[in-house]
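Here is the structure we will look at.
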Amino acid sequence: MQHCELCSAPGGELLWANEECRVILVEGEEAGLYAGFCRVVWKAHVAEMSDLEPLQAARLMRVVLATERALRETVAPDKINLASLGNVVPHLHWHVIPRWRNDSRFPRPIWATALREGAAHATPDKSLLRAALLTALKNLN
């Protein structure tokens, strides 16, 4: 197997994990543009959702939805974008991206050319985000 950055490193600040997946708060430029940007990373190295058993896929999607709910509660974005691309890192992961009407690319995708200078949004309080994520996960079980 080729080197996989999601197998060898957390990929950001760990917010929550179980034996199957982890939720990380993205660091770097993307985090500065989209405060609260998270990834839900499947721990086993697989490339596609269809590589998972149906119950595994359902559990992964519950974590994605809980992450979305936690972000909506803690950073109150105008919209949440969900994406599972894996073109750069062929390791199954979901992007959970808070969006605001005044971000530099809205309503276009985050990888599109910027339309304007975007407004800054505060990084979420990590302890509040973790607490909201735990509550959302409990409510989805």
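The values are calculated or read from the model by the stated rules, or taken from the named source; none is laboratory data. Keep in mind that what you see is a predicted model, and the values were worked out from it rather than measured. Heads up, the Cβs are rebuilt from the backbone with ideal geometry, glycines too, and the neighbour counts pull from every protein chain shown.
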| query | Do the conditions hold for PRO77, that is, is it over 17 Å from GLU19 (Cβ atoms) and in contact (Cβ under 8 Å) with a residue 40 or more places away in the chain? | reply | yes
| task | Report the residue count in segment 44-81 for those that are closer than 21 Å to VAL26 by Cβ and of a type in the set (D, E, K, R). | result | 7
| request: Can you work out which of the residues in segment 22-46 that are in contact with a Cys (Cβ under 9 Å, 6 or more places away or on another chain) and part of a strand (DSSP E or B) is farthest from CYS7 (Cα to Cα)? | output: LEU25
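Conditions (1) within 16 Å of VAL75 (Cβ to Cβ); (2) of a type in the set (D, E, K, R); (3) at pLDDT 95 or above, marked per residue:
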| position | (1), (2), (3) |
| --- | --- |
| TRP16 | no, no, yes |
| GLU29 | no, yes, no |
| GLY32 | yes, no, no |
| GLU53 | no, yes, yes |
| query | Has segment 121-128 got at least one residue that is closer than 18 Å to ARG39 by Cα and buried (at least 17 other Cβ atoms within 10 Å of the Cβ)? | reply | yes
| Can you name the residue in segment 70-80 that is touching a strand residue (DSSP E or B) at 6+ places or on another chain (Cβ under 7 Å) and not in a loop (DSSP other than H, G, I, E, B) and, of all such residues, is surrounded by the fewest Cβ atoms within 10 Å (Cβ to Cβ)? | LYS79
| Residue ID - nearest to LEU133 (Cα to Cα), chosen from residues in segment 41-56 that are buried (at least 16 other Cβ atoms within 10 Å of the Cβ) and touching a His at 6+ places or on another chain (Cβ under 9 Å) | VAL41
| query | If a residue has to be hydrophobic (A, V, I, L, M, F, W, C), outside any loop (DSSP other than H, G, I, E, B) and in contact (Cβ under 8 Å) with a residue 60 or more places away in the chain to count, how many in segment 1-21 make the cut? | reply | 4
| What's the number of the condition ARG59 fails, among (1) outside any helix (DSSP H, G or I); (2) surrounded by 15 or more Cβ atoms within 10 Å (Cβ to Cβ)? | (1)
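Quick check: is even one residue across segment 81-93 within 22 Å of LEU128 (Cβ to Cβ) and in a strand (DSSP E or B)?
Quick first cut of segment 81-93, residues within 22 Å of LEU128 (Cβ to Cβ) only: 81-82.
From what is left, the residues that are in a strand (DSSP E or B) are 81-82.
Checked segment 81-93: at least one residue is within 22 Å of LEU128 (Cβ to Cβ) and in a strand (DSSP E or B).
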| task | Just name the residue that is nearest to ALA66 (Cα to Cα) out of those in segment 34-44 that are at pLDDT below 95 and aliphatic (A, V, I, L, M). | result | ALA35
